[in-house]
Amino acid sequence: LLKNILGRTYGAIAFQEQVMEICNKIGNIPMSETNDIREAIKHFKHDVMNSFKMKFIKGAIKNGMTKDKAIDLWAMIETHSSYSFNRNHATAYSLIGYYTMWLKTYYPKEYMSTLMYYDVGNEDQMAKYIKELRRIRIPLWIPDFMYSGKNYQVKKKNGREGILSGFLSIKGIGEKTA
């Protein structure tokens, strides 16, 4: 039974829905209550999780599992609860990660200038971006009175493409002034 539930994730509990299915099919906990377990996992409510422990173990024993194995399985569920996602969110995050890396790989200057635009004024984040620009060898130029606009933009300077800082990157310059 456990093989059917965890087969697609190679025996690991990866999703909250798998916990719900394990609790329902192995622990004899009704689906309406397994949703309470999922909510407890989502919000790190360990007291709610503990309230289901004995119910799960009793149900698992009723289904033919030994007490030790039931306790071990519940321990796996508890361990899983510290890093779990629901399947839909995991899928969405995977796609966002894929698209983000694709953009950074094929359009690194545009990608980095957009990140910098959205974090203008956040000095800690900008320091990370500047470090990354150095690592991937993309030049970052200071604002140029003749060519800069409000925001960061990809420009060619001395035959080389890089990112030209906008006037909003200057501390104390506001939207109107830029």
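Quick note: the coordinates plus some simple rules give every number you see, no bench work behind them. Predicted model, so just to flag it, every value in this text is computed and none were measured. Methodologically, a virtual Cβ is constructed for each residue, glycine included, from the backbone with ideal geometry; neighbour enumeration extends over all protein chains shown.
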Exercise. Quick one: among Phe167, Phe145, Phe56, which has the greatest mean-square fluctuation in a GNM of the chain with alpha-carbon springs under 10 angstrom?
Key: Phe145
Exercise. Give the value in nm², to one decimal: projected area of the alpha carbon convex hull of the chain, averaged over all directions.
Key: 14.8
Practice problem: Considering Cα pairs under 8 angstrom that are at least six residues apart, work out the relative contact order of the chain and quote it in whole percent. | Solution: 14
Exercise. May I ask you to evaluate 6.51 cos²θ - 1.76 cosθ + 1.60, the Karplus curve with θ = phi - 60°, for each residue of region 104-118 and list the ³J(HN,Hα) values in order in whole Hz, giving x for glycine and proline?
Key: 5, 6, 9, 9, x, 5, 5, 4, 5, 5, 5, 4, 5, 4, 6
Quiz item: Along the positive direction of the dipole of the chain (beta-carbon charges: Lys, Arg +1; Asp, Glu -1; about the Cα centre), which of Phe52, Tyr147, Ile29 reaches farthest?
Solution: Tyr147
Self-check item: Cα lying deepest toward the dipole's positive end in region 45-116, options Leu73, Asn63, Tyr83, charges on Cβ
Solution: Asn63
Quiz item: Amide H to amide H under 5 Å from Phe85: which residues, 5+ apart in sequence or cross-chain, H placed 1.01 Å off N in plane?
Solution: Gln16
Quiz item: Top mean-square fluctuation among Asn122, Asn63, Asn35, Gaussian network model of the chain, C-alpha springs under 10 Å?
Solution: Asn122
Quiz item: Using the Cβ atoms and a cut-off under 11 Å, what net charge is assigned to the surroundings of Tyr147, where Lys and Arg are +1 and Asp and Glu are -1?
Solution: +2
Self-check item: region 68-161 - Rg and Dmax from Cα coordinates, angstrom
Solution: 20.9, 74
Quiz item: Expressed as a fraction of 2.2 N^0.38 Å, the rule-of-thumb size for a compact globular protein of N residues, what is the C-alpha radius of gyration of region 129-178?
Solution: 1.16
Quiz item: So for the pair Ile96, Tyr117, with labels modelled 7 Å out along Cα→Cβ, what separation do we get in nm?
Solution: 1.9
Practice problem: Step through the table entries Lys42/Lys67; Lys3/Lys58; Lys104/Lys156; Lys128/Lys155; Lys104/Lys176, compare each Cα-Cα distance with 24 Å, and write down the pairs that go over it. | Solution: Lys42/Lys67; Lys104/Lys176
Quiz prompt | Along the chain, longest interval not containing exposed trypsin sites (Lys or Arg not before Pro), exposed being DSSP loop plus at most 14 other Cβ atoms within 10 Å | solution = 1-136
Practice problem: For region 147-155, just list the computed ³J(HN,Hα) in residue order, Karplus coefficients 6.51, -1.76 and 1.60, θ = phi - 60°, integers in Hz, with x standing in for Gly and Pro. | Solution: 10, 6, x, 6, 10, 5, 8, 7, 9
Quiz item: Mind checking which aspartates and glutamates have their C-alpha under 12 Å from Lys53, skipping anything on the same chain fewer than 8 residues away?
Solution: Asp72, Glu78
Quiz item: Hey, rough spin-label estimate for Met146 and Arg8, points 7 angstrom out along Cα→Cβ, what's it come to in nanometres?
Solution: 6.0
Quiz item: Stokes-Einstein D for region 81-132 at 37 °C, 0.692 mPa s, Kirkwood Rh over Cα pairs, in µm²/s?
Solution: 257
Self-check item: Extension gain (nm, one decimal) between Arg134 and His89, 0.36 nm per residue minus Cα-Cα
Solution: 12.9 nm
Quiz item: Which three lengths, in whole Å and largest first, does region 5-95 cover when its Cα atoms are put on their principal axes?
Solution: 41, 28, 21
Quiz item: In percent, how large is the relative contact order of region 119-174, given Cα pairs closer than 8 Å and 6 or more residues apart?
Solution: 32
